[in-house]
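Notes to accompany the following structure.
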Amino acid sequence: MADTKLHNLIEMAATGEAAARAALLDHACERLAKLTWKMLNGYPSLRRWEQTDDVLQNAMLRLHRAMENVEVESVRHFFNLAAVQIRRELLDLAKHHFGPHGGGANHHTDGQPADDEGGSIYRHAHQPDNVLHWTEFHDQVERLPHEEKEVVNLLWYEGLT
């Protein structure tokens, strides 16, 4: 039933109805919130700095803009497009927080002074050195042929079997 309504909204949005695009995003918001939460869990150190609702809001803005330029063909295509926007938001946030000047890359977590007496800087596998590797992985996913990219989205990002 829900997918039928989504399908109908997608068809209406394809005709250029802005209200249909907004209704599509509203209708899918709960499902996208779950997807965002799941994808954010793949970035454990980022969860320290960002909350699901903030990531979702920014990803929804990206999705809204993307839908102005991409004709959504199906429910599956819509959720793949949404997963791409969430992934891009997470990568941008990881770069922001764990880049060379980011708070996460330079944050002391143990309350000790940053000297030889103690005080370790927070490090995680994704940050800061591996942000480039993580970004490269996601960039390579973007370059896959459409069907392969869709499979990666469904398995890796959405956790489907």
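Here are the numbers for the structure shown:
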| item | result |
| --- | --- |
| Rounded FRET efficiency, nearest 0.05, which uses the C-beta distance separating N8 from T161 and R0 of 30 Å | 0.60 |
| Residue-span extension gain [L61 to H27] - 0.36 nm each, minus C-alpha spacing | 10.7 nm |
| Nearest-0.05 FRET efficiency for F137 and E17, computed from C-beta distance (R0 30 Å) | 0.25 |
| For region 147-154, Karplus couplings with θ = phi - 60° (6.51, -1.76, 1.60), whole Hz, Gly/Pro x | 5, 5, 4, 5, 5, 4, 4, 5 |
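We did not get these values from a lab; they are worked out from the coordinates using the rules stated. The model shown is predicted, which means the values in this text are computed figures rather than measured ones. We place every Cβ from the backbone using ideal geometry, glycine too, and count neighbours over all the protein chains shown.
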